[in-house]
1. Just checking, does segment 69-77 include any residue being within 11 Å of the ligand (Cβ to nearest atom) and in contact (Cβ under 8 Å) with a residue 40 or more places away in the chain?
2. Given (1) free of Cβ contacts under 8 Å to residues at least 40 places away in the same chain; (2) part of a helix (DSSP H, G or I), identify the lone condition not met by Q40.
3. Would you say D108 is surrounded by 15 or more Cβ atoms within 10 Å (Cβ to Cβ) and either of a type in the set (D, E) or over 21 Å from T50 (Cβ atoms) (or both)?
4. Quickly run through segment 6-29 and pick out the residues that are open to solvent by 40 Å² or more (accessible area, probe 1.4 Å), part of a strand (DSSP E or B) and within 16 Å of the ligand (Cβ to nearest atom).
5. Return yes or no: is V36 more than 13 Å from the ligand (Cβ to nearest atom), farther than 20 Å from K95 by Cα, buried (at least 22 other Cβ atoms within 10 Å of the Cβ) and not hydroxyl-bearing (S, T, Y)?
6. I need every pair where a residue in segment 105-119 that is under 15 Å from Y141 (Cα atoms) has its Cβ under 7 Å from the Cβ of a residue that is assigned to a loop (DSSP other than H, G, I, E, B) and of a type outside the set (V, I, T), sequence separation at least 6 or different chains.
7. Of the residues that make up segment 223-240, is at least one within 16 Å of the ligand (Cβ to nearest atom) and in a loop (DSSP other than H, G, I, E, B)?
8. State the number of residues belonging to segment 150-171 that are within 14 Å of the ligand (Cβ to nearest atom) and assigned to a strand (DSSP E or B).
Amino acid sequence: MELWFTEKQTENLGLSIKVKETIYRERSEYQDILIVESLQFGRTLLLDGTFQTTEKDEFFYHEMLTHVGLSAHPEPRKVLIIGGGDGGAVREALKHSSVEQVVLVEIDGKVIEASKRYLPLISSCLDDPKVKVLVTDGIKYLKKTTEGFDVILIDSTDPVGPAVGLFEHEFYSSVNKALNPEGFLVAQTESPFLHTDLIVRVNRTLSEIFPTVKVYLAPVPTYPTGYWSFTIASKTHDPSIPRRQIEGPTRYYNQDIHRASFSLPSFLKDALE
Ligand code: AG3
C-alpha cells in the first residue's frame with residue numbers, strides 16, 4: 001500500500017509526495033503540525049496541511065529569505081526573525097560573521113520542539129549562544145520591544161489564521177520602529193502567479209511606511225506553483241545591491257542571483273505599477 005500526502009494549493013491544483021513514514025503529528029494550540037519522511041524531499045514539515053519546509057529543498061527558501069537582506073546591509077549585527085520556528089533562517093543568518101545576535105520570535109513552541117527533535121539539519125543552530133529564542137506572538141513582541149535590529153525577517157505561514165496580522169499596516173509600522181536606520185525588512189509574500197494581489201497590497205502598504213520597497217523572486221519546489229516572492233523594504237540602502245560576502249557555504253544564493261532575483265516578469269511589473 002502506498003501512502004501519499006497532498007497539499008491542495010488551490011481548489012483544482014495539488015502537490016503530492018509519497019510518504020515513507022509519519023514521524024510526528026500534533027494538534028497544537030495554533031495549528032496541526034505534521035512531520036513525515038518523504039521519498040522525494042526527505043523529512044518534511046507541514047502546518048495545517050501546507051508544506052513549510054523539506055530537507056531537500058529548504059535551501060532555496062531559507063537562503064533567499066535571509067541572504068538578500070543581510071548581504072545588502074553594510075554590517076548586520078542584530079537580526080530578528082518572526083516565525084521560522086524550524087530554525088532554517090537562523091542557521092543562514094549565522095553565516096554572516098558580523099552577526100552578533102539572532103532573536104527568533106515564534107508563536108508556537110511545539111514547532112520549535114518538533115523541529116529540534118526531528119529536523120536536526122534545519123534546526124541545528126537554535127541552540128547557538130548567539131541565538132535567543134522567544135515563544136510569543138511576534139505582533140505583540142514588536143509592539144513593545146525597545147530593541148533595534150538591522151534586519152527583520154518575516155518567516156510566516158500563508159496569510160490565513162495566526163499569520164494574517166503579519167501582512168498588515170499596523171504590524172509593518174511596529175517593524176519600522178524596531179528597525180535601525182540602515183535596516184531592511186524582508187517578508188515572504190507567497191506565489192507571484194497565484195497571489196499577485198497580495199503582493200501588490202503588501203507593496204502598497206509598505207510604501208506608505210518605507211521609502212524603498214522591492215520584490216524579488218526565487219524558485220521553491222514544494223510551495224504553490226514552485227515560484228515564490230519576497231518583499232524587501234528599507235529606509236536607506238538599495239536592497240538589490242549585494243554589499244558583503246557570506247562566510248558560510250550557500251547552495252542557491254550568490255551575488256549574481258541576488259541582483260538577478262530583482263528582475264521581474266512583465267505581468268508582475270504591470271501589477272505593481
Ligand atoms: N514559511 C512560508 C511557507 C508558505 C508555504 N505555503 C504553502 N505551502 N501553501 C515557511 C517557513 C519555513 N521556515
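The values are calculated or read from the model by the stated rules, or taken from the named source; none is laboratory data. Bear in mind the structure is a predicted one, so any value in this text is a computation, not a measurement. Using ideal geometry, Cβ is built from the backbone for each residue, glycine included, and neighbour counts are taken over all protein chains shown. With ligands, DNA and RNA removed, areas are computed over all heavy atoms of the protein, side chains included. Shrake-Rupley method; radii C 1.70, N 1.55, O 1.52, S 1.80 Å.
1. no
2. (2)
3. So D108 fits the description; yes.
4. Correct list: T6, K8, T10, L13, G14, L15, S16.
5. So V36 fits the description; yes.
6. E106/G84; E106/G85; I107/Y30; I107/D137; D108/S28; D108/Y30; D108/Q31; D108/G85
7. Checking segment 223-240: at least one residue is within 16 Å of the ligand (Cβ to nearest atom) and in a loop (DSSP other than H, G, I, E, B).
8. 3
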